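Reviewing the structure listed below.
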Amino acid sequence: MNISVFDLFKIGIGPSSSHTIGPMRAARIALEQTDHLEEIVRVKTILYGSLALTGKGHGTDKAIMLGLSGERQDEVNTKDIPLILSRIEKDGGIYILGKKFISFNSSNDIEFNVHESLAFHPNALKIEIYFRNAPALSKIFYSIGGGFILQDGETSDRSARNRPTPPYPFISANELLTICSTKSISIAELIRENELSWLDEANLHRGLDCLWDAMHACIHRGLETPGILPGGLEVKRRAPEMHQQLLNSKSALPHQIFDWISLFAIAVNEENAAGGQVVTAPTNGAAGIIPAVIKYYIDYCEGANQAGIRTFLLTASAIGSLFKRNASISGAEVGCQGEVGAACAMAAAGLTAALGGSNEQIENAAEIGIEHHLGMTCDPVGGLVQIPCIERNAMGSIKAVNAASLALKGNGKHAISLDQAIETVKTTGADMQNKYKETSLGGLAILGIAKNRIEC
């Protein structure tokens, strides 16, 4: 798979890339590839595995309705979503792809099959399309993390398909470092050359800047928006109050910089939990880490500039592609080590690059970042991307900065390679019981704190 920086970083809506963005894309694509739209009389979706077990908390049913309506995750106005969904409920039907009205009732037409999981991936959905005068069609999709989807029988996400082979393909960190050494280029320069085989320089820079603009805007919305997060846990948004406390603080304790980094991550993930616009980085559940670390770079690192942000994102995408290729970025497949852990490694590598670190130091930083997330479970309380997900992003952000700092103080030599650490993510995920992989059947999710109200 020829993975682009714009595959790993996608503008979308919360709360989950695998449970919201992926199913939304699948529902729309299933209809777009179907002939005779005017003959369709019913569309039914069946969710399996993790999509069924935590789909309600992640808004999977809502995402499917948006996708069937023809909405795109990177274009839909989040303020319009409640109106779109209420209209479907009020009308008792849906305009598929915005064109043809059919009867639709979410209770009957979206089934949460919590007792069955399909073999290929735990995030699976079947879309059944019924016609007036023709046999029904059945399409199976897998939401494999980060908004990537595969249709049954496919081997790569359609967004990455049919791209020409880039000048510097690589499948491991060791190969990446070898190519960079041979060509005397940085990791960011290598990724830049690969991207330029698919688009021109102006669009590359515009796209990278657009990603950071969306991340930055998300931070500020999170800082300014008070209230209670949806879903029933009654979790209060903390970012606005925490922001004011930091602005009003008269102390200058050295560790306060960690408070700011945590604040930036919390702001993003509260926006994500509320269904706002975020950038998958590489997933929605881990969307706060890279924005928080870039914000730290801009606000606190001498010499920070736009070129440094682009270097950060290009480098981070190289690391993210290694997780995607050689392990997983799906919490339902390998636990949160593949989400927050991967994001921490990506952020650590990006910051190291932006601060002028060598390729070897970048690889070391990424390895440190993931090493200390190995075995992390995905255990969202109530199936909501709130507890412990929001705070995990804050902690992952601080670990990323620490990992970069440690790597920059060394020469890049270390005992465990990034490739070995990523392989450990894969094997640990395979060994991990399913109840710890985004099913809300184990870990913190069953401690009884998801009752009526969570006080924070």
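For this structure, a couple of remarks:
- Verdict on Ala342 being among the hydrophobic types (A, V, I, L, M, F, W, C), over 16 Å from Ala287 (Cα atoms) and assigned to a helix (DSSP H, G or I): no
- Scanning the stretch 201-256 for residues being out of contact with any Gly (no Cβ under 8 Å at 6 or more places or on another chain), of a type in the set (A, V, I, L, M, F, W, C) and part of a helix (DSSP H, G or I) gives a total of 14.
- Of the residues making up the stretch 70-92, just one is in contact with a Phe, Trp or Tyr (Cβ under 9 Å, 6 or more places away or on another chain) and touching a residue at least 40 places away in the same chain (Cβ under 8 Å), namely Gly70.
- Filtered residues of the stretch 5-60 (kept if surrounded by fewer than 22 Cβ atoms within 10 Å (Cβ to Cβ) and within 22 Å of Ala327 (Cβ to Cβ)): Phe6
- Scanning the stretch 381-394 for residues that are in a helix (DSSP H, G or I) and either open to solvent by less than 10 Å² (accessible area, probe 1.4 Å) or closer than 15 Å to Ala267 by Cβ (or both) gives Val381, Gly383, Cys389, Ile390, Glu391, Arg392, Asn393, Ala394.
- Matching option when the condition is within 25 Å of Asn269 (Cα to Cα), modelled with pLDDT of 95 or more, in contact with a Gly (Cβ under 7 Å, 6 or more places away or on another chain) and among the polar types (S, T, N, Q), among Thr428, Thr377: Thr377
- Hits in the stretch 114-150 - residues which are open to solvent by 30 Å² or more (accessible area, probe 1.4 Å) and closer than 22 Å to Thr439 by Cα: Val114, His115, Glu116, Ser117, Leu118, Ala119, Phe120, Pro122, Lys126, Ile140
- Residues (surrounded by fewer than 16 Cβ atoms within 10 Å (Cβ to Cβ), assigned to a strand (DSSP E or B) and touching a residue at least 40 places away in the same chain (Cβ under 8 Å)) located in the stretch 93-103: Lys100, Ser103
- Residue that is most open to solvent (accessible area, probe 1.4 Å), among those in the stretch 397-416 that are of a type in the set (Val, Ile, Thr) and over 12 Å from Glu371 (Cβ atoms): Ile398
- Filter result for Arg72 (farther than 14 Å from Ala124 by Cα, part of a loop (DSSP other than H, G, I, E, B) and not acidic (Asp, Glu)): yes
- The condition (being without any contact (Cβ under 8 Å) to a residue 40 or more places away in the chain, acidic (Asp, Glu), under 24 Å from Gly22 (Cα atoms) and open to solvent by 10 Å² or more (accessible area, probe 1.4 Å)) is satisfied by just one residue among Glu154, Glu175: Glu154.
- With respect to the conditions (1) part of a loop (DSSP other than H, G, I, E, B); (2) surrounded by 16 or more Cβ atoms within 10 Å (Cβ to Cβ), Asp419 lacks only one, and its number is (1).
- Of all residue pairs spaced 6 or more apart or on separate chains, none has beta-carbon atoms under 7 Å together with a first member in the stretch 207-227 that is without any contact (Cβ under 8 Å) to a residue 40 or more places away in the chain and a second member that is buried (at least 20 other Cβ atoms within 10 Å of the Cβ) and part of a helix (DSSP H, G or I).
- Among residues of the stretch 30-74 being touching a His at 6+ places or on another chain (Cβ under 9 Å) and of a type in the set (Val, Ile, Thr), the one that is farthest from Lys99 (Cα to Cα) is Thr54.
The rows are residues; the columns are (1) under 18 Å from Leu190 (Cβ atoms); (2) in contact with a His (Cβ under 7 Å, 6 or more places away or on another chain); (3) assigned to a helix (DSSP H, G or I); (4) not β-branched (Val, Ile, Thr).
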position	(1), (2), (3), (4)
Ala286	no, no, no, yes
Ile294	no, no, yes, no
Asp299	no, no, yes, yes
Gly308	yes, no, yes, yes
Lys324	yes, no, yes, yes
Ile329	no, no, no, no
Ala332	no, no, yes, yes
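- Residues (open to solvent by 60 Å² or more (accessible area, probe 1.4 Å) and in a helix (DSSP H, G or I)) located in the stretch 178-200: Thr178, Ser181, Thr182, Lys183, Glu189, Arg192, Glu193
The values are calculated or read from the model by the stated rules, or taken from the named source; none is laboratory data. Since the structure is predicted, the reported quantities are computational estimates derived from the model, not experimental observations. Please note: Cβ atoms are built from the backbone with ideal geometry, for glycine as well, and neighbour counts cover all protein chains shown. Accessible surface areas use protein heavy atoms only, side chains included; no ligands, DNA or RNA. Shrake-Rupley method; radii C 1.70, N 1.55, O 1.52, S 1.80 Å.
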